[in-house]
1. Being assigned to a helix (DSSP H, G or I), in contact with a Lys or Arg (Cβ under 7 Å, 6 or more places away or on another chain), in the same structural domain as Arg190 (by TED's automatic domain parsing) and modelled with pLDDT of 85 or more: is that true of Ala136 here?
2. List pairs: first in the range 141-160 and in contact (Cβ under 8 Å) with a residue 24 or more places away in the chain, second among the basic types (Lys, Arg) and in a helix (DSSP H, G or I), Cβ under 7 Å, 6+ apart or cross-chain?
Amino acid sequence: MIWIVRALTSGSSPARLLNGAARANMIGVEPRCGEGGPGVTTDNPYKAPTTPVKDAPPPPRSPIIAVLAGLAVDIGGTVVAGIVIGLVYAIILASQGMDAEKIQTVLSTVDPSSAYFAVGTLVGFGFSVLGGYVCARLARRRERRLTLIQGLLSGAIGLSMAGDNFEIGVNIGMSLLSVLSVVLGGELGRRRNLAVARASSGD
C-alpha cells in the first residue's frame, strides 16, 4: 500500500488519506475472472455452448441419383440374396441325398407354394422396401413421385427377368407387389425426412 506510506511521510490529513483509499479501491483493484461487478460481464467467450448444437440435414441429391441408388439396392440386393438363398437350399437338398442334376432342376423350376419360393420372395420384397427408403432419403423432395418411378422401373426389370419360370399372372402379381413395396419404403423415408427437418429446426 505504497500510497499510505507516501501520505504518512508527507503529513497529509486523515480526511485526505480516506479519500485516497476510496479512490484506490475504485480504480486500483481489478475484478478477478468470473467475479461480477457493476458493468462487468462474466461470460467466457471461449466456453463451449451449453445448448445442444443440431446438425443441419444433408442437402438433397439429384433425383436421378436417388432413383438409381434405390434401384441398385433393390435389384442388386435381391439378386445377391437370391444367390445366397439358392446355395443354402442346394446344400440342404444335397445333404438329403439329392444328386446335382436333380438339384439343378428343382432350383430352375421353383414351385410357388414351396418354402424356398416364399423365403426368396419375402427377402426380395424387403430389399424393395429398402430401395424405396434409400431413394426417398437421398431425394428429400418429391419422394412419392420418385419412389413411384423407381417402383415402376423395378417392377419392369423384375418382370423381364422372370422368364418362363412362372405363369404370366404370377409374374405380374409379383411385379405389382414389388412396386407397392418400393412405394412403402419411400413413404417411410419421406416421414423420416420430415422428422429430421423438424428436429433440425427446433420445432
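The values are calculated or read from the model by the stated rules, or taken from the named source; none is laboratory data. Given the structure is predicted, the values throughout are model-derived calculations rather than measurements. For neighbour counting, all protein chains shown are included, and Cβ atoms are generated from backbone atoms with ideal geometry for every residue, glycine included.
1. yes
2. Glu143/Arg190; Arg144/Arg190
Yes or no, residue by residue, for (1) surrounded by fewer than 16 Cβ atoms within 10 Å (Cβ to Cβ); (2) among the charged types (D, E, K, R); (3) at pLDDT 85 or above; (4) outside any helix (DSSP H, G or I):
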site	(1), (2), (3), (4)
Lys102	yes, yes, yes, no
Thr105	yes, no, yes, no
Asp111	yes, yes, no, yes
Leu146	no, no, yes, no
Leu153	no, no, yes, no
Ser178	no, no, yes, no
Val183	no, no, yes, no
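Residue by residue, here is whether (1) under 20 Å from the mean Cα position of the chain (by Cα); (2) β-branched (Val, Ile, Thr); (3) loosely packed, with under 12 Cβ neighbours inside 10 Å holds:
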| position | (1), (2), (3) |
| --- | --- |
| Ile83 | no, yes, yes |
| Leu122 | no, no, yes |
| Gly126 | yes, no, no |
| Gly132 | yes, no, no |
| Ile157 | no, yes, no |
